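A.B. asks: Please find one structure pasted underneath; my questions will follow.
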Amino acid sequence: MSIEFRKEYFADERDDNLNEVGKPTQRQDALGHVTGRSPYFDDHLFDGLLHIRCVRSPHHHARIRRIDTSEAERMPGVVRIITGKDVPHNLNTLLSLLDFGLDDEPLLSDKKVAYKGEPVAAVVAETERAARDAVAKVRVDWEELPAVFDVEDAVKPGAPVVNEVYPKNLFVYHGRYDHQKLRYGDVEAGFRQADRIIEGRYQMSPIEQAPTETCGAIAAPETNDRYVVYTSTQALFFSLDTTSKLLKTPSNRLHFIGGTVGGGFGGKVDSLHEPMAVLGTMLTGRPCKYIFDREEEMQVGAPRGAERWYLKDGVMNDGRIVARKFVGYFDSGAYTRLSSYAIIKGVGHLPGPYTIPNVYADVYCVFTNRTPATAMRGFGITGVDFAIEAHMDKVAHEVGLDPIELRILNAYRDGDMKAHRRLAKNTALIECCQVAAEKAKWPLSQAASQASSLRDGGGERGRLPAHTATDQNGLVSGFTAQSYAKKSRATQPSATPPPQMARHESAPVTPRVEQPRPQPVQPASAPPPPPAATEQRHTRFSSISGLRRR
Amino acid sequence: MAKKPVQFRLNGSEKAVFVDEGQNLLDVLRRGVGDLTPKYGCGQGTCGTCTVLIDGEPHLSCLTLAETIDGRQVSTTAGLARGSELHPLQAAFMDGFAAQCGYCTPGMLMAASALLERNPDPSREDIVEAISGNICRCTGYEPIINAILAAAKAGGARRYG
Ligand code: FES
Ligand code: FES
């Protein structure tokens with residue numbers, strides 16, 4: 001369908017008096033690309049450039065008894081060997097910068113490794129080859145530990161502890177729960193009302209982003225006691241702040257230059273290279289480059305994480321879905337990176353683009369001895385959408401309905417209440433289905449081809465459920481629920497001492513957070529009342545952390 | 001390690017460098033003579049982004065020993081344009097949105113220009129075959145194939161370098 005379709009569809013909401021939108025526009029970097037002049041991070045030449053390569057764990061899970069670098073240090077061309085004790089603040093989690101999660105990952109591990117390929121030392125050498133040769137001479141005395149690779153095995157009692165910051169191998173949400181919850185209506189009541197129950201299990205594999213340019217950074221001393229950093233990062237300020245935090249160096253001493261990325265797809269946000277390159281430069285006084293080779297990119301570079309989903313639908317014989325329950329497990333790998341956030345995003349999306357009066361989800365961010373997972377194109381949504389849509393086909397098959405008709409029947413429409421308690425607007429699933437059917441020459445019933453997202457929504461469908469069943473399943477203790485930002489503020493690289501793992505054995509759970517759980521709201525007349533709790537007028541909802549704060 | 005002198009022509013101009021034994025051509029082009037247009041994507045012959053022409057034939061510079069190019073002609077993307085006038089392939093890549101992140105582009109342009117030199121009127125299949133050693137993670141290839149077809153129509157086989 002052409003662009004005109006959308007113009008027409010959103011006619012009352014858009015200003016079509018635009019000069020650029022709707023017309024092809026040349027990329028501003030296209031000339032640089034076709035002439036080969038676009039400046040990727042590695043296209044900066046430095047005299048005396050040093051090369052960094054990491055010593056990586058051959059084990060999935062092991063304690064480090066001793067790292068012996070003496071032979072490697074004597075190798076020709078070796079300038080310096082870096083280990084964990086050289087990193088000023090050797091513990092971080094990416095999202096601490098967004099007020100979310102506890103520091104759980106060292107830049108260079110010195111106690112324990114939790115995935116194969118985890119770095120434990122870095123060699124800085126005159127040539128890449130010298131660095132490689134020296135890496136082979138670093139002796140690490142490992143004590144191998146039992147490893148766990150399956151998300152459900154990892155959460156069983158007695159499973160090996162992958163990530164000591166989260167001893168149950170589960171990320172802790174809001175300081176209170178070992179999973180992210182969604183409760184909307186009462187799924188159990190919905191299941192009792194349904195004509196049939198249809199269940200499914202869906203498993204997605206990890207996916208490597210595989211950018212054509214591998215991840216890397218070059219750091220060099222700059223005037224005024226600053227460091228210049230050329231980087232392939234997709235997230236310049238993540239990388240800048242992460243470097244600042246790990247190296248306890250004010251960010252005004254870090255001059256980051258990025259913006260030209262040789263393909264990213266989410267795989268270039270983890271900010272592993274910039275701190276290492278700057279640290280190498282700090283320790284040697286010379287420009288340093290740290291780049292993944294292709295093998296590292298594929299094996300150590302963080303992929304889109306695997307997800308496992310269990311879906312249970314309560315379905316009427318006419319195809320209406322009256323209850324949908326999700327239990328999801330995200331495989332975060334050994335550390336958090338961005339998986340906890342992916343789940344927040346994913347749960348906000350449930351139950352998919354459908355209006356279902358009773359929805360329930362428990363979604364776990366699980367630590368396993370696999371490569372840490374990170375961002376990739378729509379992460380948090382794509383995996384569960386695969387599960388949802390595969391399940392829709394299964395439901396259609398079992399109730400004997402056409403799969404597109406089933407989707408149109410259950411599609412959300414403008415004015416419907418979503419499970420995250422916002423009214424749906426600009427919905428277009430029905431129109432998408434109609435266009436897809438038309439293009440595929442797939443016959444639709446008259447009712448389905450005449451349905452519209454603009455009609456028949458709202459009213460009853462726009463009201464919050466009269467009753468929402470809540471529970472305290474998965475309540476944890478020992479984690480503070482107060483804003484994580486306060487802690488990371490204490491970790492600012494000023495004069496404050498480096499904080500240790502921000503887990504407080506006996507800190508009380510602060511009740512202020514998460515308190516306005518929406519309780520049964522009696523609907524008035526249309527339009528329905530705004531769904532969010534209104535007691536705290538001066539608070540702002542942080543969509544990342546789910547924390548409310550001033 | 002003994003250094004070896006190597007002399008070659010790069011996009012028509014004389015270059016003389018000392019190379020290490022075992023040093024690859026990609027490294028010599030980028031860091032030895034400062035032609036940054038060929039890119040490193042894998043260093044193991046699988047991605048094609050380091051493709052250059054040696055005596056008109058496409059080669060993976062990451063797998064080419066630098067010492068073997070003594071006395072030969074090397075062409076890279078840096079030599080495609082004539083001054084500010086783009087090569088028809090470059091213009092077609094721009095017009096056809098065939099470069100997204102741009103990282104595969106220099107290798108694609110080299111593979112395509114070798115094809116057009118050999119075969120000024122290639123079929124779609126010829127093009128697919130010619131770029132089959134070049135990976136693009138962004139475009140899905142269609143815009144690249146179409147751009148090469150368009151460049152051929154526009155007389156993309158003009159000599160350069
Ligand atoms: S860098 Fe030469 S083929 Fe990939
Ligand atoms: S344009 Fe990005 S790899 Fe081809």
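The values are calculated or read from the model by the stated rules, or taken from the named source; none is laboratory data. Everything numeric in this text was worked out from a predicted model, so none of it was measured. All Cβ positions, glycine included, derive from the backbone under ideal geometry; neighbour counts span all protein chains shown. Accessible surface is based on the protein model in full, side chains and every heavy atom, while ligands, DNA and RNA are left aside. Shrake-Rupley method; radii C 1.70, N 1.55, O 1.52, S 1.80 Å.
A.B. asks: Could you tell me which residue of the stretch B:132-149 is nearest to residue A:214 (Cα to Cα), considering only residues that are surrounded by 23 or more Cβ atoms within 10 Å (Cβ to Cβ) and more than 9 Å from chain A (Cβ to nearest Cβ)? Walk me through how you get there before you give the answer.
C.D. replies: If we filter the stretch B:132-149 for residues that are surrounded by 23 or more Cβ atoms within 10 Å (Cβ to Cβ), which is where we start, we get B:134, B:136, B:144, B:147-148.
Then drop every residue that is not more than 9 Å from chain A (Cβ to nearest Cβ), which leaves B:134, B:144, B:147-148.
Working: B:134: 16, B:144: 22, B:147: 26, B:148: 26 Å.
Only one residue tops the list, namely B:134.
A.B. asks: Given the options B:109, B:116, name the one that is touching a Gly at 6+ places or on another chain (Cβ under 9 Å) and within 16 Å of ligand 1 (Cβ to nearest atom).
C.D. replies: On the way: B:116 fails: within 16 Å of ligand 1 (Cβ to nearest atom).
Every option except B:109 fails the conditions.
A.B. asks: Let me confirm something: among A:268, A:248, which residue is assigned to a loop (DSSP other than H, G, I, E, B) and farther than 27 Å from residue A:370 by Cα?
C.D. replies: When all the criteria are applied, what remains is A:248.
A.B. asks: Name the strands (runs of 3 or more DSSP E) wholly within the stretch A:81-185 that hold at least 2 residues that are in the same structural domain as residue A:273 (by TED's automatic domain parsing) and more than 30 Å from residue A:359 (Cα to Cα)? Don't jump to the end; show me each part of the working.
C.D. replies: Details: elements: A:119-125, A:139-144, A:180-184.
Per the criteria, A:119-125, A:139-144.
A.B. asks: On the basis of being open to solvent by less than 40 Å² (accessible area, probe 1.4 Å) and on the phi > 0 side of the Ramachandran plot, does residue A:185 make the cut? Walk me through it before giving the result.
C.D. replies: On the way: open to solvent by less than 40 Å² (accessible area, probe 1.4 Å): yes; on the phi > 0 side of the Ramachandran plot: yes.
So residue A:185 passes the test.
A.B. asks: Same structure, new question: Taking into account only those residues within the stretch A:262-286 that are within 14 Å of chain B (Cβ to nearest Cβ) and either buried (at least 24 other Cβ atoms within 10 Å of the Cβ) or on the phi > 0 side of the Ramachandran plot (or both), which is farthest from ligand 1 (Cβ to nearest atom)?
C.D. replies: Just the residues of the stretch A:262-286 that are within 14 Å of chain B (Cβ to nearest Cβ), to begin with: A:262-268.
Then drop every residue that is not either buried (at least 24 other Cβ atoms within 10 Å of the Cβ) or on the phi > 0 side of the Ramachandran plot (or both), which leaves A:262-263, A:265-268.
Working: A:262: 12, A:263: 13, A:265: 18, A:266: 22, A:267: 17, A:268: 18 Å.
Among residues in the stretch A:262-286 that are within 14 Å of chain B (Cβ to nearest Cβ) and either buried (at least 24 other Cβ atoms within 10 Å of the Cβ) or on the phi > 0 side of the Ramachandran plot (or both), the one farthest from ligand 1 (Cβ to nearest atom) is A:266.
A.B. asks: Next question, about the same structure. Out of curiosity, is residue A:214 within 16 Å of ligand 1 (Cβ to nearest atom), of a type in the set (Val, Ile, Thr) and buried (at least 24 other Cβ atoms within 10 Å of the Cβ)? Talk me through it step by step, then tell me what you get.
C.D. replies: On the way: within 16 Å of ligand 1 (Cβ to nearest atom): yes; of a type in the set (Val, Ile, Thr): yes; buried (at least 24 other Cβ atoms within 10 Å of the Cβ): yes.
Considered against the rule, which asks whether it is within 16 Å of ligand 1 (Cβ to nearest atom), of a type in the set (Val, Ile, Thr) and buried (at least 24 other Cβ atoms within 10 Å of the Cβ), residue A:214 comes out as yes.
A.B. asks: Turning to a different aspect of this structure: Would it be correct to say that residue A:299 is away from ligand 2 (no atom under 16 Å from the Cβ) and within 14 Å of chain B (Cβ to nearest Cβ)? Steps first, answer last, please.
C.D. replies: Details: away from ligand 2 (no atom under 16 Å from the Cβ): yes; within 14 Å of chain B (Cβ to nearest Cβ): yes.
Taking the combined requirement at face value, the residue satisfies it.
A.B. asks: A follow-up question, please. Can you pull out the residues in the stretch B:29-77 that are over 23 Å from residue B:130 (Cβ atoms), within 14 Å of ligand 1 (Cβ to nearest atom) and either among the aromatic types (Phe, Trp, Tyr) or within 13 Å of another protein chain (Cβ to nearest Cβ) (or both)?
C.D. replies: B:30, B:36
A.B. asks: Does residue A:391 satisfy the criteria of being of a type outside the set (A, V, I, L, M) and surrounded by 15 or more Cβ atoms within 10 Å (Cβ to Cβ)? I'd like the intermediate steps shown before the answer.
C.D. replies: Details: of a type outside the set (A, V, I, L, M): yes; surrounded by 15 or more Cβ atoms within 10 Å (Cβ to Cβ): yes.
Yes.
A.B. asks: Just to be sure before I move on: is residue A:257 in contact with a strand residue (DSSP E or B) (Cβ under 6 Å, 6 or more places away or on another chain), surrounded by fewer than 24 Cβ atoms within 10 Å (Cβ to Cβ) and touching a residue at least 12 places away in the same chain (Cβ under 8 Å) in the structure I sent?
C.D. replies: Values: in contact with a strand residue (DSSP E or B) (Cβ under 6 Å, 6 or more places away or on another chain): yes; surrounded by fewer than 24 Cβ atoms within 10 Å (Cβ to Cβ): yes; touching a residue at least 12 places away in the same chain (Cβ under 8 Å): yes.
It is true that residue A:257 is in contact with a strand residue (DSSP E or B) (Cβ under 6 Å, 6 or more places away or on another chain), surrounded by fewer than 24 Cβ atoms within 10 Å (Cβ to Cβ) and touching a residue at least 12 places away in the same chain (Cβ under 8 Å).
A.B. asks: Based on what the data block shows, is residue A:302 buried (at least 22 other Cβ atoms within 10 Å of the Cβ) and either part of a strand (DSSP E or B) or of a type in the set (D, E, K, R) (or both)?
C.D. replies: no
A.B. asks: Assuming residue B:104 fulfils every condition listed in (1) over 19 Å from residue B:11 (Cα atoms); (2) out of contact with any Cys (no Cβ under 6 Å at 6 or more places or on another chain); (3) within 16 Å of ligand 1 (Cβ to nearest atom) apart from one, which condition is it?
C.D. replies: Single failed check for residue B:104: (2).
A.B. asks: Now for a separate question. Looking for whichever is aromatic (Phe, Trp, Tyr), open to solvent by less than 10 Å² (accessible area, probe 1.4 Å) and at the interface with another protein chain (Cβ under 10 Å from one of its Cβ atoms) here; the options are B:93, B:97. Which one fits?
C.D. replies: Working: B:97 fails: open to solvent by less than 10 Å² (accessible area, probe 1.4 Å).
Residue meeting the stated conditions: B:93.
A.B. asks: Has the stretch B:95-108 got at least one residue that is within 26 Å of residue B:29 (Cα to Cα), away from ligand 2 (no atom under 12 Å from the Cβ) and among the aliphatic types (A, V, I, L, M)? Let's see the steps before the verdict.
C.D. replies: Taking the stretch B:95-108 as the starting set, the residues that turn out to be within 26 Å of residue B:29 (Cα to Cα) are B:98-108.
Checking which are away from ligand 2 (no atom under 12 Å from the Cβ) leaves us with none.
For the stretch B:95-108, residues within 26 Å of residue B:29 (Cα to Cα), away from ligand 2 (no atom under 12 Å from the Cβ) and among the aliphatic types (A, V, I, L, M): absent.
A.B. asks: Restricting attention to the stretch B:66-81, which residues are free of Cβ contacts under 8 Å to residues at least 60 places away in the same chain and closer than 16 Å to residue B:11 by Cβ?
C.D. replies: B:77, B:81
A.B. asks: Please name all residue pairs, on different chains or six or more residues apart, with Cβ atoms under 7 Å, provided the first residue is in the stretch A:191-217 and is within 14 Å of residue A:312 (Cβ to Cβ) and within 14 Å of chain B (Cβ to nearest Cβ) and the second residue is acidic (Asp, Glu) and surrounded by fewer than 16 Cβ atoms within 10 Å (Cβ to Cβ).
C.D. replies: none
A.B. asks: Could you check how many residues of the stretch A:456-474 are under 17 Å from residue A:324 (Cα atoms), open to solvent by 60 Å² or more (accessible area, probe 1.4 Å) and out of contact with any Pro (no Cβ under 7 Å at 6 or more places or on another chain)?
C.D. replies: Residues flagged as under 17 Å from residue A:324 (Cα atoms), open to solvent by 60 Å² or more (accessible area, probe 1.4 Å) and out of contact with any Pro (no Cβ under 7 Å at 6 or more places or on another chain) within the stretch A:456-474 amount to 2.
A.B. asks: Only one of A:73, A:20 is more than 14 Å from every other protein chain (Cβ to nearest Cβ) and either open to solvent by less than 80 Å² (accessible area, probe 1.4 Å) or at pLDDT 95 or above (or both). Can you tell me which? Explain how you work it out, then say what you get.
C.D. replies: Numbers: A:20 fails: either open to solvent by less than 80 Å² (accessible area, probe 1.4 Å) or at pLDDT 95 or above (or both).
Unique residue meeting the criteria: A:73.
A.B. asks: When you check residue B:47 against the structure, is it touching a Gly at 6+ places or on another chain (Cβ under 8 Å), in the same structural domain as residue B:126 (by TED's automatic domain parsing) and open to solvent by less than 40 Å² (accessible area, probe 1.4 Å), yes or no? I'd like the intermediate steps shown before the answer.
C.D. replies: Values: touching a Gly at 6+ places or on another chain (Cβ under 8 Å): yes; in the same structural domain as residue B:126 (by TED's automatic domain parsing): no; open to solvent by less than 40 Å² (accessible area, probe 1.4 Å): yes.
The answer is no for residue B:47.
A.B. asks: Let me ask something additional. Looking for whichever is open to solvent by less than 30 Å² (accessible area, probe 1.4 Å) and either within 14 Å of chain B (Cβ to nearest Cβ) or within 16 Å of ligand 1 (Cβ to nearest atom) (or both) here; the options are A:232, A:244. Which one fits?
C.D. replies: The unique qualifying residue is A:232.
Yes/no matrix, rows are residues, columns are (1) among the acidic types (Asp, Glu); (2) modelled with pLDDT under 95; (3) surrounded by fewer than 22 Cβ atoms within 10 Å (Cβ to Cβ); (4) farther than 17 Å from residue A:30 by Cβ:
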residue: B:87; (1), (2), (3), (4): no, no, no, no
residue: B:104; (1), (2), (3), (4): no, no, no, no
residue: B:110; (1), (2), (3), (4): no, no, no, yes
residue: B:119; (1), (2), (3), (4): no, no, yes, yes
residue: B:130; (1), (2), (3), (4): no, no, no, yes
residue: B:151; (1), (2), (3), (4): no, no, no, no
residue: B:155; (1), (2), (3), (4): no, yes, yes, yes
residue: B:158; (1), (2), (3), (4): no, yes, yes, yes
